[in-house]
1. Say the cut-off is 22 Å between C-alpha atoms; which of K549/K694; K417/K479; K694/K755; K726/K784 go over it?
2. On the protein heavy atoms, probe 1.4 angstrom, tell me the percent of accessible surface of region 43-284 carried by carbon and sulfur.
3. Quick one: Cα centre-to-centre distance for region 318-371 and region 757-798, in angstrom?
4. Which value, in Å³ per residue, describes the convex hull spanned by the Cα atoms of region 291-673?
5. Whole angstrom only: what separates the Cα centroid of region 622-652 from the Cα centroid of region 506-545?
6. Quick one: plug the Kirkwood hydrodynamic radius of region 43-284 (C-alpha pairs) into Stokes-Einstein at 4 °C, 1.567 mPa s, and report D in µm²/s.
7. Between Q274 and L231, how high is the FRET efficiency from 1/(1 + (r/R0)^6) when r is the Cβ-Cβ distance and R₀ = 25 Å? Nearest 0.05.
8. Using Cα pairs under 8 angstrom and six or more residues apart, how large is the relative contact order of the chain, in percent?
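The values are calculated or read from the model by the stated rules, or taken from the named source; none is laboratory data. It should be emphasised that the depicted structure is a prediction, and the values quoted were computed from it without experimental measurement. We place every Cβ from the backbone using ideal geometry, glycine too, and count neighbours over all the protein chains shown. These accessible areas exclude ligands, DNA and RNA; they are computed on the full protein's heavy atoms, side chains included. Shrake-Rupley method; radii C 1.70, N 1.55, O 1.52, S 1.80 Å.
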Amino acid sequence: MHKTHILLPMSFCSFSTLTLALALTLFSNCSHENSIEQNKLSVNFKGDAEIEVGGPFVGAEFHHSYMIPQRISFFYPVANSIDRSQDYWKRDTSFVAEWFLKIGAGQPEAIGRKPVEFNLTPYSVEFFDRKSARDINVAYHFCSEKPAMVVTYRIVNRLNKNEVFEFDTRLFTSIRTCHTFRVVDRAEVIGDSASGTIFTNFAEADARMAQVFITNAGEKPVAVILGESGLPYARFVYRRAMVPGDTLNIVQIIGSAKQKESQALVGYLLENFQTEIEQYEKFVNEQAFQNNVLKTGDTRTDHSIAWARAEMEANAHYLDGEIVPMPCPAEYNFYFTHDVQVSDLAAVNYDLPRVRRDLDYIIRHADKDLVIPHAYYWKDGKYVTEFASSDNWNNFWFVQVTAKYLRHSGETDFVAKLYPYLSVCVERALLTQEADNLMWSYRPDWWDIGHNYGSRSYMTILAIKTLRDYNFISTVLGKNPEKVTEYVILADSMQTALVDKLWSDELNYLINYNDDGSQDRHYYIGSLLAAHYGLLDAEKQNQLVQTAKAKLVDEKVGIYNAFPMDFHLLGDFYKFVGNEVGAEYYYANGGVWPQGNAWYAMALMANGERQAAAEFIVRTMSLHGIMNGPNGQPAYYEVRNANKENPAEYGTVDKPNFLWAGAWYLNSLYQLYGVTENDWNISLDPYLTTGQEKCSFTLFVNGYPVLINIKGRGENLRSIEFDGRKVNSAVFPAEMPAVKVAEFVLGQPEEPYLKSTTAILNFCQYSDNNLIINLRGIVSQPNKTVVISHGRPKKVSLNGQPLTEGLKIEKGNGGYCTTITFNLKFSENKLNVQF
């Protein structure tokens, strides 16, 4: 959740009263096996799936569509968990509980350890286990303000006679500590038969002397049985004679808290658990459907968008007194700066307050030398911060996200507060810039594993973009002109070195080198960012994209993380630890990651292949595309198995409901529909896919949410209107006044308009056949300005002087495209195009 919650004793935290408005017709033509219900976020699925759901304080992890979780994660008072696995890669074989159902004089039946049908949202799951004698529905929901989840069991008698039903649940309440994952199985277990509650108290300081509690808010148990000392568990037995069609309604509230809070907390939850659930789910749904929009007109795509938005809200948990974004509902119970920042690359388009909070959180957790955190978590009895090293990608992303925030918000005061931290990020990152003007790193590509120092395309690409974003921020704030001049030269030199030294004419790709000077002949996804950032000429950009298509892309599941997939044979060379790189086609060793899919889609867009990008996004990145793929399931995942040689593995996912997977999907859609950011401004280059009639989305510009409406057909814009007033620029000016609605109509241009420019746009206006463009930037900064018009321009002047060089005028089906290239002569420049 985007709200910051300071946890107070027993009052915890409070939400505003939220109104739910759901207006979406969903997935009208789904298959029988997997369907999206009308007017709901919920997806019905029948098949093998890995599931993670959760709320601010508790999360649960399931494998193979089993009803019993493999893990329960508690985030309050600290991040402890119930997890009985002994091997991470085999964690699907252990369970946190045992359930047995006995009907009449029959033998007890083990329940919950077989795949069943389920309904899923990012914040809840309901399972359906149906047999001729009984139905069992088990649902998991989560509280908004209190540290608990609610498990409901509905057991229905389907016999044609009266019978006694007995249901026996046993939750193993030993916990594991955060990070070290140490088992804590010594506890004091206390039972309260009157309320049907069992408290398990732990004395260990590294578990924060937490308590696990289970209480009953529905059918009262006939037996409350405490686990033996040293092997704690909470066992409840429910028994009742049931007539045909009768239902046994069991409600277990499971949570973790400080021991002194337990009595009052359980009392509150017994009375208010339903309100807690409704409040949380209303909040998430409001963010998914109501607060700002992205509507394409396609029901499946619009549902995928809503799911991604909901997922970004639901993946936020308690950590040291605040609710902060975390990677997933039940695993990775840490704060990772990287995951937050790459998610904010999408959120900056539609949720500036979220991005501001995240940036502020990062600097609040920096050290005294202004070094930003890499991660923040509870470990061994205290909160621990890992700080970003000099070759950590967080240094780059922090600058890039801040630059995006400044472009979208115009909030210079807050960015000035961030500026000292940005400067340190750039200075520290450049510590691994070597004499060849390339960035060197120990890890291959974007990975956080491996140890082999060499020049890296990915890190060099990020460095170039980061330096230029830092220059933009410095220019807007009027700071560090000497550094700006230095970094302009450095970024240009690094771009030259990137192509001269890391481009392989043999492989037609940007590659890396190893510490022994040998060429690393792997193809990595990080190189695709060079196309997205515009760092290659048109020929090499096309070669890069076509090589990725040929070597890395599996059209059914996405793009391989790397190729060839032989890293499991190179453990000693790259100094991997154990099997952390993964098997062939999996994890880092050729698995499919959401950022790779996004970077490939963005590279296609940069290469002019927008329809191909749209189809790739739908097929491999949207929720319904993932569901309909090999071994598909409803999940924005961390990583997907690409082993097409094994049908049982091909397309399976790990860590579903992953924060930045949904974010990369949203980011890709915003760019597909035309939101374009260069180093200096935001513009719109609208696009509608084949057969699409219109698109609407919220875009923050200069701090205001603008509803963008796109319609029409064509490569150019027929007209642009802001609140009904005609304008002549697809580039948003830096100090644009508040606008509620911006209409972009594709077609033959009625009047000339500014399509793009590589400078800050102060204003653009068309009057008396003159398009006047006022630009701001760095003296001597190269500029490329593109103007679209119905007729051929007669004259171009810069600061009152005719421009005769650097002009390229081309006539196409949609009119004239005039490209003007020049160097800025002053910090403020006036360009005039006469018609």
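1. Long pairs (Cα-Cα over 22 Å): K549/K694; K726/K784.
2. C and S atoms contribute 48 percent here.
3. Answer, in whole Å: 38.
4. Spread over its residues, the Cα hull of region 291-673 gives 141 Å³ apiece.
5. One Cα centre to the other: 27 Å.
6. 71 µm²/s
7. 0.15
8. Once normalised by length, the contact order is 9 percent.
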